[in-house]
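S.K.: Let me begin by handing over the structure; questions about it come next.
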Amino acid sequence: MIEASPKDLDAPYWAALEQGRLNLPTCKNCGVWHWPPVSRCAECDSWGLDWHDIPLEGEIFSWTRTWHPFGGTEGLEKPFVTVVVAIPAAGNRRLMGLLEGVADTAPVPIGAAVKGRVSHTRYGETEIPTILWHLAARDGDAQ
Amino acid sequence: MNKALFGKTAVAGVGVQQFKRGTAPYSERECLVRAIIQACEDAGLDPADVDGFVSYGDDKNEPVRLMSDLGTKELNWTQTVFGGGGGGIAAAFGSAAGAILTGQAKAVIVFRALVQDASGRLSAAVMAHHLNPHMAAAGLVAPAQVCALRAQRLFGYHGVPAETAEAFLQACYYHGSRNPAAVAYGSEFDHDAYMASRMIAEPFHLFDCSRENDGAGALLLVSAEHARDLRRPPVHLLGVTQGAEKGWGDLLENDDADLYASGGFGSVARRLWEQTDLTPTDIDVAQIYENFSAQGVTSLIDHGFCTYESASEFIRFENLIAPSGQLPVNTHGGNTAQGFIHGIGIALEAVQCLRGESANPVPDAKTCLLAGGPGAPIVSSAIFGTAAMV
């Protein structure tokens, strides 16, 4: 269920994230962004992916703030904010992550620019690499 | 119209055993056997003559193990619908009808059984289907959180007022409070209590979430011809569709932007109307699987009863209650206020409301929409009708 295999299509994503970098794939042939990754590109009937370094910058697509202590979230202090972030540099494909630096009562603006850093989430006995996003405007560096 | 399907099979009997979560006095299998016996007695059919079984959502009760208790003479057909959520509920009737109409089985039980000490928590079982490191790393471990992400987009981007979700719940509780078989019997919905109920995952309060029950439900499907010889008024299956369209599915939250906040019924609903030659205005009552309040709202939008823009006009309390609302929904109380055995109660009420047995009757109702599993990667819908429709 949760264990990764080196044969998994997303193994390069995890390998890069462990090194603090975001890698996302395009079709080797037609260049369309695929996330989640595919073995076969149905757009151009070809096989194989190219992986690219992507800056940790995106826009909030949606969010939820979790208050209930669901089993499996013991490693996260409640409440925590989960965000779905669209990555413009990767064809607006979306990643799940956590939002840091917002007050517990503050609404999270959909569409807001965010920047990220790589951290880890403890899940059971494992540490999974994850992206911690923060509102870019907080740094005064939003464009 | 798909003439091969429309009105050719019918539900001839129903049975249910429902208990508070964790309190079933029987094992999961015995709950199921008792529900099946009830359904057969309701129909006036010897349980030994049931020769087919279908379930959904990872039910663990392999029909072959029921044979001794039921006295099954021949087990001729078994199947389960893919998907860990409630999205397979209507699809199970489609499978059963396919088996009956092609002569693979004569009398098929559609069932779902869930007793916590046998199957654990439903939410955990559903999530086991989907959970992956991407989700776990973002703290997403429960269906409530995933549906909450969709709901925030529905409210915060598409501009559907959150009041529609409350109106949907209010209708469920109105019906449940008047249904002696409902968990919410006698308890009126209270806006202040709703808002004060603890936050689970924003925007969902506790009251926005369905809560699990122990129990089992069974519905007996036979050919329309066969049903006419049985005890109860047949409730015909008029049409059924299942699936997902391109851009929807288990996609790490990468569903197409215009589908993301939906219930995932796009192609399923379109094909249901095409298949039956019916339109939303032909539907008299609807049983809508509301795992979470906002997903009830999106189910109504997906099936064309309203749009994002007109949702607040259509999804009003007065409009959703029996007997006089334009579209009474969840006339037994729904998953939230009647009880939740992975949604089988929604299918039971679809049949019982058309037999005139609902605790909240809809006079002269001839058609009922059943919509299953909004937000799940695979969803399904069906329309049932009285004899007047065929």
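S.K.: How large is log10 of I(q)/I(0) for segment B:175-255 at q = 0.16 Å⁻¹ when the intensity is taken from the Debye formula with one equal scatterer per alpha-carbon?
M.R.: The Cα Debye sum returns log10 ratios of -1.01.
S.K.: Take every residue in peptide A:84-96, count the Cβ atoms of other chains within 10 Å of its Cβ, and give the average of those counts.
M.R.: Average per residue, whole number: 4.
S.K.: On to the next question. Set the Förster distance to 30 Å, then compute FRET efficiency between A:His134 and B:Ala257 from the Cβ-Cβ distance, nearest 0.05.
M.R.: That gives a FRET efficiency of 0.80.
S.K.: By its C-alpha gyration tensor, with a ≥ b ≥ c as the square roots of the eigenvalues, how is segment A:55-143 shaped: rounded for a/c under 1.5, else prolate for a/b larger than b/c, else oblate?
M.R.: Prolate, because a/c is 1.5 or more and a/b exceeds b/c.
S.K.: Given the protein assembly as shown, what percent of its DSSP beta bridges are antiparallel, to the nearest 5?
M.R.: Details: 75 of 90 bridges.
Percent antiparallel among DSSP bridges in the protein assembly as shown is about 85.
S.K.: For helix B:143-156, what angle does its Cα long axis make with the longest principal axis of chain B, in degrees from 0 to 90 and rounded to 10?
M.R.: Helix B:143-156 sits at roughly 50 degrees to that axis.
S.K.: Obtain the nm distance between the two label points defined at B:Met195 and B:Asp46 by a simple spin-label model: each point lies 7 Å from its Cα along the Cα-to-C-beta direction.
M.R.: Calculated label separation equals 6.2 nm.
S.K.: Starting from the Cα of B:Ala388, step 7 Å along the direction of its Cβ; do the same at A:Lys78; then give the gap between the two resulting points in nm.
M.R.: Taking the two extended label points, one gets 5.0 nm.
S.K.: Using a basic spin-label model with each label point 7 Å from the Cα along Cα→Cβ, how many nm lie between B:Arg270 and A:Glu43?
M.R.: Between B:Arg270 and A:Glu43, the simple spin-label model gives 2.1 nm.
S.K.: For n ≥ 4 DSSP H runs only, could you compute -39500 (n - 2.57) per run for chain B, divide by its residues and tell me the 222 nm figure to the nearest 500?
M.R.: That comes out to -9500 deg cm²/dmol.
S.K.: Calculate the dipole size of segment A:1-54 relative to its Cα centre from +1 charges on Lys and Arg beta carbons and -1 charges on Asp and Glu beta carbons; express the result in debye to the nearest 20.
M.R.: Numbers: 4 positive and 8 negative charges, 16 e Å.
The dipole magnitude comes to about 80 debye.
S.K.: Ordered by packing density, taken as the mean number of other Cβ atoms within 10 Å over each peptide's residues, highest first, how do B:347-354, B:285-292, B:301-308, B:194-201 rank?
M.R.: So the order, starting with the most tightly packed, is B:285-292, B:347-354, B:301-308, B:194-201.
S.K.: Right, another one. Pairs of lysines 8 or more apart, or on different chains, with alpha carbons under 21 Å: count those in the protein assembly as shown, would you?
M.R.: Lysine pair count for the protein assembly as shown: 7.
S.K.: Could I ask something else about it? When the helix-only estimate is applied to chain A (DSSP H runs of n ≥ 4, each -39,500 (n - 2.57), divided by the residue count), what is the mean residue ellipticity at 222 nm, nearest 500 deg cm²/dmol?
M.R.: Counting only the DSSP helices, I get -1500 deg cm²/dmol.
S.K.: While we're here: Assuming R0 = 51 Å, can you tell me the calculated FRET efficiency for the pair A:Val32 and B:Glu74, based on Cβ-Cβ distance, to the nearest 0.05?
M.R.: Calculated transfer efficiency: 0.45.
S.K.: Could you tell me what percent of the DSSP beta bridges with both partners in segment B:263-390 are antiparallel, to the nearest 5? Show your work: numbers first, answer last.
M.R.: On the way: 6 of 11 bridges.
Of the beta bridges lying entirely in segment B:263-390, close to 55 percent run antiparallel.
S.K.: Using the count of nearby Cβ atoms within 10 Å as a rough guide to exposure, how do B:Asp282, B:Asp258, B:Asp42 rank from fewest to most?
M.R.: So the residues, fewest neighbours to most, are B:Asp258, B:Asp282, B:Asp42.
S.K.: Cut-off 10 angstrom, C-alpha nodes, Gaussian network model of chain B. Which of B:Ile109, B:Ile37, B:Ile344 fluctuates the most?
M.R.: The residue that fluctuates most here is B:Ile37.
S.K.: Per-residue Cβ counts within 10 Å, from other chains only, averaged over B:254-263: what number is that?
M.R.: If you average over the peptide's residues, the count of other-chain Cβ atoms is 2.
S.K.: Give the separation of the Cα centroids, segment B:81-138 to segment A:64-86, in Å.
M.R.: Answer, in whole Å: 27.
S.K.: Ranked from highest to lowest mean number of other Cβ atoms within 10 Å per residue, what is the order of the peptides B:82-94, B:129-141, B:175-187?
M.R.: B:82-94, B:129-141, B:175-187
S.K.: Another question about this same structure. Calculate how steeply helix B:293-302 sits against the longest principal axis of the alpha-carbon atoms of chain B, using the helix alpha-carbon long axis, and give the answer as 0 to 90 degrees to the nearest 10.
M.R.: The angle comes out at about 80 degrees.
S.K.: Another one. Which of the three applies to segment A:1-54, rounded, prolate or oblate, going by the alpha-carbon gyration tensor with a ≥ b ≥ c and a/c under 1.5 meaning rounded?
M.R.: oblate
S.K.: Determine the shielding of peptide A:56-65 by partner chains: average, over its residues, the number of Cβ atoms on other chains within 10 angstrom of each Cβ.
M.R.: Per residue, the average neighbour count from other chains is 5.
S.K.: Right, here's the next one. Only Cα pairs within less than 10 Å get springs; with that Gaussian network setup on chain B, which residue of B:Pro233, B:Pro25, B:Pro63 has the largest fluctuation?
M.R.: For chain B, modelled as a Gaussian network with Cα springs under 10 Å, the answer is B:Pro25.
We did not get these values from a lab; they are worked out from the coordinates using the rules stated. The structure presented is a predicted model; accordingly, all values stated were derived computationally and were not measured. Neighbour counts run over all protein chains shown; Cβ positions are idealised from the backbone, glycine included.
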